[in-house]
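Okay, structure first, notes after.
The values are calculated or read from the model by the stated rules, or taken from the named source; none is laboratory data. Bear in mind the structure is a predicted one, so any value in this text is a computation, not a measurement. Counting neighbours? That spans all protein chains shown, and the Cβs are built from the backbone with ideal geometry, glycine included.
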Amino acid sequence: MKLIRQKKLDTNQIGKVAYNRLQSTLNVIDKSEVVHKDINNITAEELQDYFNTLTFYSNSYIKKIIEQFTQSFRYAMNKGFLLANPMYDTIVPKSTRQDKVIRALDLEEQQRLTRYLVNSSTDFEPYKTAFFIEMFMGLRIGEALALKKEDIDLYHNLIHINKTMTKDGDGRLIIGDDPKTKAGIRDVPIPKNIKREIINQLKLANTHKDGLLFVSNAGGYADPSNVNGVLKRICRNLDINDVTSHSLRHTFATRCIEAGMRAVALQRLMGHSDVTVTLNIYTSVFHKYKNAELEKVNNYYMSNEIFSNEPKMLESEQEFRQNDNGQQFDYPDYEMEL
């Protein structure tokens, strides 16, 4: 598992951030007895017994752990170390946890939170601009907290995103030299409504470590978990429930879709690796506006007279509706299938 992780780093398939995240997963796996056996002696039953102990983790984390085993046994098979792959006889268990649903703020909640942040000073709410950047630009909390003065391009009205605040394998805060995905390296336009807030934050950054826009109370790196706790406290006081910092990113995406933004444009703003990721995450929001978008196409057809308002029956359809003797006949089963 460690060998494969290192090869992925050396071939630039993953960056340092993903490399460190994988170390956390390997630390969990290392606690199991099965990984300390000779790979030739590991049976499908032993693997299944171990996988069945993982059900208290989330489904996504169970998938991450099992993926490490899948890759390793596939590698062993390709190298000729094994004659049979025991992973083929295992089943991925289902978590006992409910899948976490990250929701977006509705318009009224967003207005309430925005109004509170606008009227709060940075002395009282030091991360207010980070919340604005998430909610109106779609950054991840780690990306926002890793921003430095040189990342803010006021001349071109852009924020350059090329790193993230994360933790290494030992749980220490570090600034990763690449974001969550390669697509995460991107430029995002600064909206007019929060530009003044960003300029004010830039002035504060003159006294911060390494020119960071946001720091902890002690002047060090701001921990995403702590900042998330600050947001939850604010939202509880505003009677906004079930919110995390990632909810602000989802709020940005939801407003973009509601405003009619195309999925490909949203994918690039969000830093998703592929447009299918965007479509899968926000499928319910896109579905909500599907009928309205189809109506635009239908109106386009009508305005260009591709169809008339009262289309006539085609001759081929008239012929189909008659039998060999020229008599009309019913075909309810055919219509039902259509």
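Taking the stated definitions as given, is Leu294 among the aliphatic types (A, V, I, L, M), modelled with pLDDT under 90 and in the same structural domain as Arg140 (by TED's automatic domain parsing)? No; evaluated as a whole, the condition is false for this residue.
Of everything in region 1-31 that is among the polar types (S, T, N, Q) and more than 19 Å from Arg74 (Cβ to Cβ), the residue that is modelled with the highest pLDDT is Asn27. Looking at Thr207, Thr164, just one residue is touching a Gly at 6+ places or on another chain (Cβ under 8 Å) and not aliphatic (A, V, I, L, M), and that residue is Thr164. Is one or more of the residues making up region 40-63 without any contact (Cβ under 8 Å) to a residue 60 or more places away in the chain, in a helix (DSSP H, G or I), within 30 Å of Gly138 (Cα to Cα) and touching a Leu at 6+ places or on another chain (Cβ under 9 Å)? Yes - at least one qualifying residue is present in region 40-63.
Take Ala44 and tell me if it is among the aliphatic types (A, V, I, L, M), surrounded by fewer than 16 Cβ atoms within 10 Å (Cβ to Cβ), outside the structural domain of Thr244 (by TED's automatic domain parsing) and in contact with a Pro (Cβ under 8 Å, 6 or more places away or on another chain). Step through it out loud before you land on a result.
On the way: among the aliphatic types (A, V, I, L, M): yes; surrounded by fewer than 16 Cβ atoms within 10 Å (Cβ to Cβ): yes; outside the structural domain of Thr244 (by TED's automatic domain parsing): yes; in contact with a Pro (Cβ under 8 Å, 6 or more places away or on another chain): yes.
So Ala44 fits the description; yes.
One residue is enough: does region 240-253 have a residue meeting the conditions within 19 Å of Met137 (Cβ to Cβ), in contact (Cβ under 8 Å) with a residue 24 or more places away in the chain, of a type in the set (D, E, K, R) and surrounded by 13 or more Cβ atoms within 10 Å (Cβ to Cβ)?
Initial filter on region 240-253 (within 19 Å of Met137 (Cβ to Cβ)): 243-253.
Then drop every residue that is not in contact (Cβ under 8 Å) with a residue 24 or more places away in the chain, which leaves 243-253.
Still in the running and of a type in the set (D, E, K, R): 249.
Cutting the leftovers down to surrounded by 13 or more Cβ atoms within 10 Å (Cβ to Cβ) gives us 249.
Looking through region 240-253, at least one residue is within 19 Å of Met137 (Cβ to Cβ), in contact (Cβ under 8 Å) with a residue 24 or more places away in the chain, of a type in the set (D, E, K, R) and surrounded by 13 or more Cβ atoms within 10 Å (Cβ to Cβ).
Within region 178-237, the only residue that satisfies the criterion of being basic (Lys, Arg) and closer than 12 Å to Leu147 by Cα is Lys209.
Go over the candidates Phe307, Phe252 one by one and state the one that is at pLDDT 55 or above, out of contact with any Cys (no Cβ under 8 Å at 6 or more places or on another chain) and assigned to a helix (DSSP H, G or I). Lay out the reasoning, then the answer.
On the way: Phe307 fails: assigned to a helix (DSSP H, G or I).
Going through Phe307, Phe252 in turn, just one is at pLDDT 55 or above, out of contact with any Cys (no Cβ under 8 Å at 6 or more places or on another chain) and assigned to a helix (DSSP H, G or I): Phe252.
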